[in-house]
Structures are given as C-alpha cells and as structure tokens.
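Read the structure below first, then the notes.
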Amino acid sequence: MIEIFLKTLPFFGLIGLGFWAGRSGFFSAEATAYLTKFVFYFALSAMLFRFSATLSLADLVSPDFVLAYLAGTAAVYLVAMAAAFLRGTSLAEAAVEAQCAAIGNTGFLGVPMLVVLLGPAAAGPVILVLAIDLVVFSTLITLLLTAAREGRMRLGLVPVLALGLARNPMLVSMALGLVWSRLALPMPRPADEFLSILGAAATPAALFAIGASLAGKSAERVSVAWWLAFCKLGLHPAAVALAALVLIPVEPVAAGVMIAAAALPVAGNTYILAQHYGVAPRRVSAAILVSTVASILTVPAVIAALGPG
C-alpha cells in the first residue's frame with residue numbers, strides 16, 4: 001500500500017496546493033471559477049474525446065458492467081436515503097445526501113488520476129462510470145429535487161433534462177469521440193498533438209481547481225458529513241465490488257477500475273445542485289471537504305486491496 005500511496009500522493013499534493021492558493025487568497029474565487037471552466041469545457045473535454053476516439057462502442061458498453069455498477073450504486077443510494085429519512089429529513093435533503101453517498105468526483109479526479117495510475121486500459125471503464133453518473137444519477141437527483149419542490153413530476157421536465165445532458169461538454173466530447181471511432185476516421189497529426197497538449201493540462205488544472213474550490217468549503221454538520229464520507233469511501237466501493245465480483249461478474253480489469261472509481265470522494269457538482277435548489281448546501285460542502293481529505297488514505301487502500309494487475 002505504501003507504494004500506491006506514494007503514487008497517489010502527487011495527485012493529492014496538487015489538490016493541497018490548490019487549497020493553499022485558495023485559502024491564502026492568492027487564488028480568488030473568481031479565478032477558481034474560470035480555471036474550473038477551462039478544465040470543464042476545454043482540457044477535460046479534449047482528454048475525453050481523445051480517449052473515446054480510440055475506443056469502440058462495443059468495447060465501452062458492457063451490459064454486465066453497467067448492471068453491476070448500477071446495482072452497487074443504487075444500493076448505497078437507497079441506504080443513504082433511508083438513513084436520512086430515519087433522521088426526519090425531507091425528500092429533497094434525503095436525495096442530496098444520497099447523491100453525496102453514491103456519486104464520486106469521476107470527471108475532475110477519476111479520469112485524470114485513474115488512467116495515469118492504472119494505465120490506458122482504465123480509460124474505457126472510467127469513462128463508462130462517468131457516463132452512467134451523468135446520465136442516470138444526475139437526472140435522478142434533478143427529478144427528485146423537482147418533485148420535492150413542486151410536489152409532483154412534470155413531463156415538461158424531460159426535454160429540459162435532455163437539453164441539459166446535450167449541453168454537458170463531457171458527455172458531448174465522449175459521444176463525438178465514439179462517433180469518430182465508429183467512422184474509423186484518421187486523426188490528423190496536428191489535431192492529435194493539439195488534443196494531446198490541451199488534454200495534458202486537464203490533470204494538473206483539474207486537481208488544482210478541486211483544491212482551490214475546497215478552500216471555500218466549510219465543515220458544518222460534521223457528524224452527517226462523516227457518515228456521508230463513510231458511505232462514499234467505504235460502502236460504495238464495497239457494494240460495487242460485491243456486485244461486480246460476485247453478483248454480476250465483470251471482467252477483472254474493468255471491475256477493478258469500477259471499484260477504484262467508486263472509491264473516489266464526493267462529486268463537486270453535487271454542491272452546485274444543492275446550492276441551486278437551496279437544499280443543504282453546507283452539509284454537502286462539509287461532505288465534499290471531509291471525503292476529499294479522507295480519500296488521501298482510503299483511495300490508495302482500495303487500489304491496494306484490488307491486488308496486482
């Protein structure tokens with residue numbers, strides 16, 4: 001585990017550097033927002049397109065993989081919602097807590113880090129995890145929060161959700177890459193080098209942006225935050241491992257990547273949703289902060305537990 005910890009340490013070191021820059025005021029909140037936009041719309045999109053353009057849809061989409069990940073993630077989602085209801089929270093708060101417990105920072109942390117740590121073979125599985133999180137669970141929490149606010153589901157929400165997915169640069173870049181691959185189009189050398197240079201900026205910029213954004217987070221409602229961090233860093237990878245290794249066996253390398261992705265800390269976009277709907281943003285903020293700090297130790301532990309290869 002020490003060897004893996006040392007390999008992950010530079011990634012978390014970049015997060016720490018970003019945190020220092022944000023906390024010290026060297027990097028303002030506005031600067032962090034613009035850096036995040038650069039990563040989201042340009043660097044990470046270039047990386048995802050380049051990865052996807054080397055994959056085929058048949059290699060990427062495995063029914064067993066999708067079912068195993070959905071089963072493990074849905075189980076943790078339901079556990080977190082049930083625990084929230086037992087504490088007497090509303091549907092909206094329970095949905096937000098469930099999102100914290102089951103959806104990790106796959107885009108900004110998982111894709112850059114896991115592909116470097118686990119090798120190019122990790123690209124397909126981690127991209128598929130990201131796609132499932134965005135399409136299934138981002139849609140689910142939006143539906144739950146809307147239902148909680150309005151007291152009902154609206155059919156008119158469907159085109160709004162579809163448009164939101166169509167405007168997500170990560171989904172668009174993955175889809176375009178798969179289309180490029182399906183058409184077997186050659187990648188011109190200047191275009192490949194352009195994407196390579198731009199995509200290479202995704203890893204340091206995304207990790208720095210995570211740290212800088214954490215500088216503005218508070219650690220209120222710490223007991224709930226620790227519970228949600230335990231769900232995300234412990235229960236989620238355990239549930240996904242049970243599903244992928246026992247209940248719905250998945251090819252070992254893909255299963256390992258899936259489990260490692262499930263071990264990632266709480267996704268930052270959950271805070272954006274919580275803030276937009278006015279549902280427990282401080283609770284989410286604390287969960288992101290606590291889970292990210294704790295993941296410095298838990299992510300290497302999970303990867304080490306997966307074993308060689």
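What follows draws every value from the coordinates through simple rules; no lab data is involved. These numbers come from a predicted model, not from an experiment. Here the Cβ positions follow ideal geometry from the backbone for every residue, glycine too, while neighbour counts run over all protein chains shown.
With the cut-off at 1.5 for a/c, could you classify region 8-54 from its C-alpha gyration tensor as rounded, prolate or oblate?
Oblate, since a/c reaches 1.5 and b/c is not below a/b.
Treating cross-link reach as a plain straight distance, find the lysines whose alpha-carbon is under 24 Å from the alpha-carbon of Lys217, omitting any fewer than eight places away in the same chain.
Leaving aside lysines fewer than 8 places away in the same chain, those within reach of Lys217 are Lys37, Lys232.
Specify the inter-centroid distance of region 176-227 and region 16-75, based on alpha-carbon positions, in whole Å.
Centre-to-centre (Cα) distance: 4 Å.
Counting pairs of alpha carbon atoms under 8 Å apart in space and at least six apart in sequence, what relative contact order in percent does the chain give?
Over the chain, the number comes to 35 percent.
Using a/c under 1.5 as the rounded threshold, could you call region 170-235 rounded, prolate or oblate? The axes a ≥ b ≥ c are square roots of the C-alpha gyration tensor eigenvalues, and prolate needs a/b larger than b/c, oblate otherwise.
Cα axes put region 170-235 in the prolate bin.
Run the dipole for region 79-211 about the Cα centre, Lys and Arg Cβ at +1, Asp and Glu Cβ at -1, nothing else charged, and hand back the magnitude in debye, nearest 20.
Using only the charged Cβ atoms, the result is roughly 280 debye.
Tell me, which longest segment in the chain has none of the trypsin sites (Lys or Arg not before Pro) that fall in DSSP loops with at most 16 further Cβ atoms within 10 Å? If you can, show how the numbers build up before the last one.
Working: sites that count: Arg87, Arg152, Arg154, Arg167.
Here the longest run is 168-309.
Divide by every residue of the chain the summed helix terms, -39500 (n - 2.57) for each DSSP H run of at least 4, and state the resulting mean residue ellipticity at 222 nm, rounded to the nearest 500 deg cm²/dmol.
Calculated at 222 nm, the ellipticity per residue is -22500 deg cm²/dmol.
Mean Kyte-Doolittle of at least 0.0 plus a Cα span of 30 Å or more along the axis: flag which DSSP H helices in the chain meet both, please.
Span-like helices here: 2-24, 63-86, 281-306.
Based on the Cβ-Cβ distance of Glu30 and Leu140, what FRET efficiency does E = 1/(1 + (r/R0)^6) give at R0 = 30 Å, to the nearest 0.05?
Working: r = 32 Å, r/R0 = 1.06.
E between Glu30 and Leu140, to the nearest 0.05, is 0.40.
Classify the chain as rounded, prolate or oblate, taking a ≥ b ≥ c as the square roots of the eigenvalues of its Cα gyration tensor: rounded when a/c is under 1.5, otherwise prolate if a/b is larger than b/c and oblate if not.
In terms of gyration-tensor shape, rounded.
For region 2-306, what is the charge dipole size about the Cα centre, in debye to the nearest 20, if Lys and Arg each add +1 at the Cβ and Asp and Glu each add -1 at the Cβ? Working shown, then result.
Working: 16 positive and 12 negative charges, 125 e Å.
Rounded to the nearest 20 debye, it is 600 debye.
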